[in-house]
Amino acid sequence: MRYRSTAGKAPLTSLRGAVLRGLAPDGGLYMPAEIARHSPEELEEFRSLPFTEVCFRVVRPFATPDVPEEVLWQIVSETINFPVKLVSLSPGLHILELFHGPTLAFKDFGARFMARLMGYFVRGENRQLTVLVATSGDTGSAVAHGFLSVPGIRVVKQFTTLGENITALEVSGTFDDCQRLVKQAFCDEELNKRAFLTSANSINIGRLLPQMFYHVAAYRQLPVASTALVVAVPSGNFGNLTAGLFAKRIGLPVAKFIAATNANDVVPKYLISGHYQPRAAQATCSNAMDVGNPNNFPRLLDLCRGRLEYVQREIWGHGASDEETLAEMKSVWEKYRYICDPHTAVGILGWEAYKKEHSEPAQGLVLATAHPAKFADVVMKAIGTAPPLPDRLAAYLKRPKLSVGMSRDYEDFKQFLLAH
Ligand SMILES: *Cc1c(COP(=O)(O)O)cnc(C)c1O
């Protein structure tokens with residue numbers, strides 16, 4: 001598979017080139033040059049083959065010829081060493097739990113896969129790859145965990161309790177300061193000559209490809225029904241929804257995706273008005289989705305040939321307030337005795353709003369993106385009970401915090417990168 005840029009002015013590149021670069025040289029995002037559909041017979045087989053085998057078949061066309069089959073098999077099987085669970089709250093409402101990985105969020109899929117892919121691509125390089133991640137939340141922990149102990153790679157991020165090849169810098173400044181430091185590092189020619197840098201946020205195609213896996217997992221586990229499937233995706237940077245469209249392009253039957261956001265509803269607004277108006281992010285209780293200018297938006301447009309009416313044909317949007325989100329967590333708990341995190345509640349609200357406006361029969365699948373225990377304070381506020389804390393998270397929270405203090409001055413950051 002060759003990869004092209006959404007901006008159309010960069011040369012085609014290999015998966016290796018796209019993953020190690022992150023962003024295309026023309027400022028666009030890398031996209032697979034063509035996406036092949038699986039035949040209905042193959043899709044039917046996806047229901048009965050072992051899950052690892054199915055994921056391998058799904059990602060193989062995107063990784064050939066860069067990654068030998070036995071390496072790809074290894075990467076896929078190490079990525080999905082945790083279950084994807086489908087919980088049916090009612091015959092027409094299913095929750096797909098994507099949070100059974102090491103950091104209890106769906107980002108484990110992308111992070112684990114990308115880390116191993118990068119590890120493979122830098123093998124044989126005599127330079128060590130440094131992955132920079134500016135983060136204030138979920139992405140950082142998932143990415144850092146994904147890279148833990150992968151040889152040839154070190155990760156520099158803001159907070160961590162991991163150690164080994166992960167270095168945490170605690171910047172005395174805001175999240176914006178962190179992002180500025182990282183951006184400046186990528187634009188610094190001298191630094192890039194002397195250090196081998198890459199980024200691990202969701203603009204990296206290596207994080208999106210494995211996110212097709214759980215869309216396939218849903219397809220395997222859902223009862224065979226002729227009822228149209230509507231998939232509600234709690235969205236921030238829209239990597240998750242982009243991967244859903246990839247999954248649809250390879251043949252999975254999805255009637256519609258719901259772009260479910262919190263008050264940061266730039267995309268739902270665009271779907272109504274046709275105007276894309278990014279704005280500063282607003283803080284909400286589903287904070288992993290507090291994004292005012294979703295970085296995968298160019299990919300969504302690209303997949304829909306840049307036409308509003310095509311985007312509207314595939315995606316319906318809904319933005320929920322914090323008040324609605326908390327009330328929804330409570331009502332889901334009271335109605336089904338199911339505890340969901342605030343991001344998942346935003347997804348359920350999206351599905352319910354869709355159903356109100358569309359009378360044709362459909363079944364809803366909501367992607368549950370984080371374990372409720374990660375947002376225990378919000379859950380407590382919504383339902384008055386704390387969610388049970390899984391052992392993995394308890395152990396993770398108990399680890400000592402290992403971090404290095406860092407000023408917000410770029411020169412200090414650069415000197416640190418060069419010295420280590
Ligand atoms: C990152 C994240 C999202 C949003 O995913 P995008 O791919 O950025 O749209 C939703 N929920 C949780 C818990 C997340 O960590």
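The values are calculated or read from the model by the stated rules, or taken from the named source; none is laboratory data. The structure presented is a predicted model; accordingly, all values stated were derived computationally and were not measured. Note that each Cβ is placed from the backbone with ideal geometry, even for glycine, and that neighbours are counted across all protein chains shown.
Just a few scattered comments:
- Every residue from region 247-280 that is assigned to a loop (DSSP other than H, G, I, E, B) and in contact with a Gly (Cβ under 8 Å, 6 or more places away or on another chain): VAL254, ASN262, ALA263, ASN264, ASP265, PRO278, ARG279, ALA280
- Test: residue in region 381-395 that is at pLDDT below 95 and within 30 Å of LEU300 (Cβ to Cβ): no
- The number of residues in region 290-318 being of a type in the set (A, V, I, L, M), under 18 Å from the mean Cα position of the chain (by Cα) and at pLDDT 95 or above comes to 4.
- Among residues of region 164-209, those that are part of a strand (DSSP E or B) and either surrounded by fewer than 18 Cβ atoms within 10 Å (Cβ to Cβ) or within 16 Å of the ligand (Cβ to nearest atom) (or both), counted: 3
- Scanning region 82-140 for residues being closer than 18 Å to VAL19 by Cα, among the hydroxyl-bearing types (Ser, Thr, Tyr) and either within 12 Å of the ligand (Cβ to nearest atom) or surrounded by 24 or more Cβ atoms within 10 Å (Cβ to Cβ) (or both) gives a total of 1.
- Residue satisfying all of: in region 299-320; assigned to a helix (DSSP H, G or I) and within 14 Å of the ligand (Cβ to nearest atom); farthest from ASN201 (Cα to Cα) among these: LEU300
- Residues located in region 362-400, provided they are in contact with a strand residue (DSSP E or B) (Cβ under 8 Å, 6 or more places away or on another chain), not hydroxyl-bearing (Ser, Thr, Tyr) and not in a helix (DSSP H, G or I): ALA362, GLN363, GLY364, LEU365, VAL366, LEU367, ALA368, ALA370, HIS371
- Within region 11-33, the set of residues being at pLDDT 95 or above and more than 20 Å from the chain's Cα centre (by Cα) comprises PRO11, LEU12, THR13, SER14, ALA33.
- Residue match in region 354-363 (condition: over 13 Å from HIS94 (Cα atoms) and crowded, with 19+ Cβ neighbours inside 10 Å): yes
- Positions within region 219-246 being within 16 Å of the ligand (Cβ to nearest atom) and either assigned to a helix (DSSP H, G or I) or closer than 14 Å to TYR30 by Cα (or both), in sequence order: GLY239, ASN240, LEU241, THR242, ALA243, GLY244, LEU245, PHE246
- Flag for CYS340 being within 19 Å of the chain's Cα centre (by Cα), within 15 Å of the ligand (Cβ to nearest atom), assigned to a loop (DSSP other than H, G, I, E, B) and under 22 Å from SER202 (Cα atoms): no
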